[in-house]
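The structure appears right after this line, and notes come after that.
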Amino acid sequence: MATPDSLRKLRDRLIRLHRTLLDAERAAYERMYGPVRSNNEWLQLVLSHEHFNWLRSFSGLIVRIDTWIASNDAPASEGDALWIEAERITAIDASSTDESRLRYREALDRSAEAAVAHAQIRQMLDRA
């Protein structure tokens, strides 16, 4: 069962992973399209450009965890569902043809920092 403390720790690890994935994807984006010139342009790209679609499941999960933690009357079953969602989006399935899963696997292969963050999350999820 997910607790506020365990979800807080998971959230912190997801933020670290998300940040490293964003950094890696920004570098890939800039190789293809040229430099991002401002923080506002960067934010708009992350929110709306198709190149970053696959990362939105991570940011959405982080927001939902924050909301659950902040709520005084959130049902435990919702916390458990958030934990399961984290397991799902960080699962590595070599046979998957889902574009988000493929992009995630490729990003972990390109970024040692992301791979370490991923491993820390999976270790936490697997212990529960």
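The values are calculated or read from the model by the stated rules, or taken from the named source; none is laboratory data. Remember, predicted model here, so these are calculated numbers, not experimental data. We place every Cβ from the backbone using ideal geometry, glycine too, and count neighbours over all the protein chains shown. Side chains are part of the model used for accessible areas, which takes the heavy atoms of the whole protein and leaves out ligands, DNA and RNA. Shrake-Rupley method; radii C 1.70, N 1.55, O 1.52, S 1.80 Å.
Summary table below
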{"item": "Check on residue 57, touching a residue at least 24 places away in the same chain (Cβ under 8 Å) and open to solvent by less than 60 Å² (accessible area, probe 1.4 Å)", "result": "yes"}
{"item": "Extreme residue, most open to solvent (accessible area, probe 1.4 Å), among residues of segment 67-85 that are farther than 18 Å from residue 119 by Cα, of a type in the set (A, V, I, L, M, F, W, C) and part of a helix (DSSP H, G or I)", "result": "70"}
{"item": "Members of segment 17-45 that are closer than 19 Å to residue 111 by Cα and surrounded by 16 or more Cβ atoms within 10 Å (Cβ to Cβ)", "result": "17, 18, 20, 21, 22, 24, 25, 26, 29"}
{"item": "Matching residues in segment 109-128 - criterion: being part of a helix (DSSP H, G or I), open to solvent by 20 Å² or more (accessible area, probe 1.4 Å) and touching a residue at least 12 places away in the same chain (Cβ under 8 Å)", "result": "110, 113, 118, 120, 122, 124"}
{"item": "Qualifying residue in segment 91-105 (condition: surrounded by 12 or more Cβ atoms within 10 Å (Cβ to Cβ), under 27 Å from residue 3 (Cβ atoms) and of a type in the set (S, T, N, Q))", "result": "no"}
{"item": "Candidates 64, 88, filtered to the one that is open to solvent by 80 Å² or more (accessible area, probe 1.4 Å), at negative phi, assigned to a helix (DSSP H, G or I) and at pLDDT below 95", "result": "88"}
